[in-house]
Each structure stands twice: as structure tokens, then as C-alpha cells.
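Everything on this sheet refers to the single structure shown next.
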Amino acid sequence: MNPTEPAVSAVGLRKSYGDKTVLDGIDLSIPQGTVFALLGPNGAGKTTTVQILSTLIPADGGRAQLAGHDLESDADGVRAAIGVTGQFSAVDNLLTAEENLILMADLHHLGRREGRRRAAELLHRFDLAEAARKPASTFSGGMRRKLDLAMTLVGDPRIIFLDEPTTGLDPRSRRTMWEIIRSLVDDKGVTVFLTTQYLEEADQLADRIAVLDHGVLVAEGTADELKRRVPGGYVRLRFSSPRDLDSAAGLFGTIAKRDPEALTLDIPGDGTIPTLRAVLDVLDAVSVRAEGLTVHTPDLDDVFLALTGGPGAHPAPFLTTDTTPDMTPDTTPVTNLQESAR
Ligand SMILES: Nc1ncnc2c1ncn2[C@@H]1O[C@H](COP(=O)(O)OP(=O)(O)O)[C@@H](O)[C@H]1O
Ligand SMILES: [Mg+2]
């Protein structure tokens, strides 16, 4: 497929069970060779999205293409290009690790010799060679997840769906999974679509993150973009004298928080260049000089809470170029900032 084409694209995916709307029009575009994280709380619709995109259940509406194949008219083409590791393990407990992998190879019609070769390679790659002849029932959670992922890779998929790949794993196994997932993308150029409830996981792994809440995508972007969009970030100005601090504090009104000891003034804002420029212009206009300026972004926890309507979802006024659309060159920034302060 054309390398500039997205690995996964979807428009208006919808799904309801009875009168409960589970997905309410999902749009996605995931570039090839990237990790995409669908982040959301329990019941948001993550597994449903994976099930639809991996042809396991039909959507009620919308269209999607995977690896250039149309989900509806060419489901076989889609299936040939993807691998799915579900939320619940596909590992057969009665079989050994090797037998599980060879079973997958048989399902993919790889042939006996190629199947064994692929199984051995994956056991080695995932550090499971020593456990190859042991029944999966004796495996730890982390080993089981690795085996599950190895089984998904037997078919050499270009797009891999991982539904909550590290839920329930201890921190060390989680890190190992992260390394494996990242290396799939970096070494093999596959595209990974993962779902997670862990902000840290999305932050660590994903090139792009979409936040799903009650069947609606409430935000999409890189971890940094999402952090910038959300209240909790601020610009900190440092002054060389209490007098300068006081003058500046007066300009920004009640939205700014001052620390008279440290001679700093924190102004809630998104830290983008236009916002920074607006702040500096306000100071310039009255000839107050800041000694230093630092941008503080919120962490993903703040983002998640704000976007999914948790506590603290609508904190104090906040400066962004999105939320203050009147911040255009023909109105002075001073006016805008003071408006935000009210
Ligand atoms: N087969 C089904 N029948 C009825 N409701 C379902 C079915 N599958 C999922 N749901 C509902 O859809 C919502 C989203 O579920 P799911 O996609 O599993 O969320 P997540 O994976 O984000 O936790 C939940 O409220 C769930 O109860
Ligand atoms: Mg789920």
C-alpha cells in the first residue's frame, strides 16, 4: 500500500446495543508505523472499537479502511493484514508455549517447517525459550501476555490491535511489554492500535492518543498536545523586584497567582507561542520586564480528568488561543487577558 496512506482510517463509526449507544460516531486516522492509543475509562467503548475494526462485530454505521482494505467490502483483506490480542487471553492453558505458537502457525497455513521456525524465533525474541516446553498454565501473567502477543505475530500482521495489553501486570512486566511493543514499531514498521486505561502507558508508548469517553472521542493528539489543551498548565514569570511583581500581578488580575517570596507570577495558560507572546506583550505595554519565563504543562492525569468530566473538570479561567478566539491582531492582548480574568 501507498506509504502515505493511513494504516487505519475510520469515519463515523457507530454501534448500539438495544437503545444504548456504545459508539457515537468515531473518526480515526492512524499513520503507518506508529503507535496509536485509544485511552478511556472502563465502559468507554474501547473493546467495541477494536472488535469493529478487527471485523469481529459489524458496525451499525460508518466506514473504515485498514491497510487499504475496506472493512465492509473486503473483510478478508482486512483480516489478512491484522493481528488481534484481545483483552482476554487466547492462550490455551493445556498446551505448551511452543504448541500454542505452532497451533497459530497451522491456522495461518504456514506449513510444518516454517511454523516451527517462526515459533522458535518468537520464543527467542520474547525471552520465552526456556519456558517453551512448559504448559501455559504454569506461566506468570507477564509471560502469558508475551505469549499472547507472540501468537498474534505468527501471522506477520502489518497492523496489531492490543486491547489493554498490560492491564493487571506488575510494573516490571508492564515495562517489558512496552519495550516489545515499541520495538515492533521501530524495528518492524508495524502499526499498533492499543487500548488502555493507563495514562502513563499512553504517554510512554503512543505517538498519538485519542481519548474516548461514553462512545465519543473527546480529544486527540500527541501527549504533549493533550497536556497543553487542558487547564492545569501555566506560564511562570519571575521578576527581579517585588515592585515589578506587583505591577505585573495587577495587569493579569485574579487569574494570576503570585508568590511574593519567590517573586513569581503563575498565569494559567496553554504555553503556546501566541499565548506566550500575548503575556509578554502585556508586560511590554507597561514596561515591566520579567527576569525569566517557564512553561508548565499539566500531566496526563489532569488531561484525563478534565476531558472525561471527573472532579476538577472545569477549573479556573485559562488562556488558550482556542478558548480566546478574540485574541487576534486587531484587538490588543491586554484586553483579552483582562477579559479572561473576569
Ligand atoms: N455485547 C454487548 N451487549 C450489550 N452491551 C454491550 C456489549 N458489549 C459492550 N457493551 C456495552 O458497551 C459499553 C462499552 O463496552 P466496551 O467497548 O467493552 O468498553 P471498554 O472496552 O472501553 O471498557 C459498555 O457499557 C458495555 O456494557
Ligand atoms: Mg475493554
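No lab work stands behind these numbers, since they all come straight from the coordinates. Just so we're clear, the structure is a prediction, and the values are computed from it rather than from any experiment. Cβ: placed from backbone, ideal geometry, glycine included. Neighbour counts: every protein chain shown.
When DSSP beta bridges are restricted to pairs lying wholly in the chain, around 65% turn out antiparallel.
Only Cα pairs within less than 10 Å get springs; with that Gaussian network setup on the chain, which residue of ILE209, ILE273, ILE159 has the largest fluctuation? It is ILE273. Other residues within the sphere of radius under 10 Å centred on the Cβ of GLY221, judged by their own Cβ, net out at +1 (K and R +1, D and E -1). Three principal axis extents of the chain based on alpha-carbon atoms, in descending order, are 80, 43, 38 Å. For the stretch 32-149, the Cα-based Rg and Dmax, in that order, read 16.4, 47 Å.
Straight-line cross-link partners of LYS15 among the lysines, defined as a Cα under 25 Å from its Cα and at least 8 positions apart when in the same chain: LYS46.
Mean residue ellipticity, 222 nm, helices only, the chain: the sum of -39500 (n - 2.57) across DSSP H runs of n ≥ 4, divided by residue count and rounded to 500, is -11000 deg cm²/dmol. Comparing ASP203, ASP259, ASP299 in a Gaussian network model of the chain where C-alpha atoms under 10 Å apart are linked, the largest mean-square fluctuation is found at ASP259.
Cross-link partners of LYS134 among aspartates and glutamates, defined as those whose alpha carbon lies under 18 angstrom from its own and excluding same-chain residues fewer than eight positions apart: ASP92, GLU98, GLU99, GLU121, ASP148. A convex hull fitted around the alpha carbon atoms of the stretch 134-239 yields 154 Å³ per residue.
Put in order of Cβ neighbour count within 10 Å, fewest first, the listed residues MET1, MET151, MET143 become MET1, MET143, MET151.
Pairs of Cα atoms nearer than 8 Å and 6+ residues apart set the relative contact order; for the chain it is 17 percent. For the chain, a Gaussian network of Cα nodes joined below 10 Å ranks ALA262, ALA202, ALA59 by mean-square fluctuation, and the top entry is ALA262. Protection proxy ranking of 280-292, 70-82, by the mean of other Cβ atoms within 10 Å over each peptide's residues and highest first, is 70-82, 280-292. Taking amide H as placed 1.01 Å from N in the peptide plane, the amide H of ALA219 sits under 5 Å from that of VAL211, each at least 5 places away or on another chain.
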